[in-house]
Amino acid sequence: MKGVELPINVLVIVAIAVIVLLGIIALYFAGFGPAAGQVNLQTATSAACGSWRARGSTTVSADTITISSFDANGDGTITAAAGCGGTADNLETLGVKYYGTTACSTTLTATDTDIRTRVCGLP
């Protein structure tokens, strides 16, 4: 009895299928890196804007709205504290780094108006 033989066409098709499968797997895993970051940014923005709206966005400065679960300033650590200048992870720092708003106001100024309209979509 002769051994089982596979035609060369079957081997080529199997090899192509394996290559395509590996490519799909690579795209699947590579695609989640930036997308996950965007989801976190959107979640952090929504939470911070909701907190600011609840505390009164027209009477409270954006640099007092801390973000405890997102590295807004990109320094590798989460420092949920108030303060301007980009050293703390707060709504003002998030607005400056990700939305291009103007920075560092300790009073209600045009910076807060800019963050209110451009980042949070508030009137």
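The values are calculated or read from the model by the stated rules, or taken from the named source; none is laboratory data. For clarity, every value in this text was computed on a predicted model and none was experimentally measured. Counting neighbours? That spans all protein chains shown, and the Cβs are built from the backbone with ideal geometry, glycine included.
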Taking interchain pairs and intrachain pairs at least six residues apart, which have beta carbon atoms under 7 angstrom, with the first residue in segment 71-97 and farther than 12 Å from residue 45 by Cα and the second among the hydroxyl-bearing types (Ser, Thr, Tyr) and in a helix (DSSP H, G or I)? 73/93; 82/64; 86/93
When segment 28-81 is examined, which residues are found to be exposed (fewer than 14 other Cβ atoms within 10 Å of the Cβ), within 12 Å of residue 94 (Cβ to Cβ) and at pLDDT 80 or above? 40, 42, 43, 46
Filtered residues of segment 82-94 (kept if surrounded by 14 or more Cβ atoms within 10 Å (Cβ to Cβ) and of a type in the set (Ser, Thr, Tyr)): 93
Matching option when the condition is of a type in the set (S, T, N, Q) and modelled with pLDDT of 80 or more, among 101, 113, 93: 93
Return only the number of the condition from (1) at pLDDT 85 or above; (2) surrounded by 10 or more Cβ atoms within 10 Å (Cβ to Cβ) that residue 7 does not satisfy. (2)
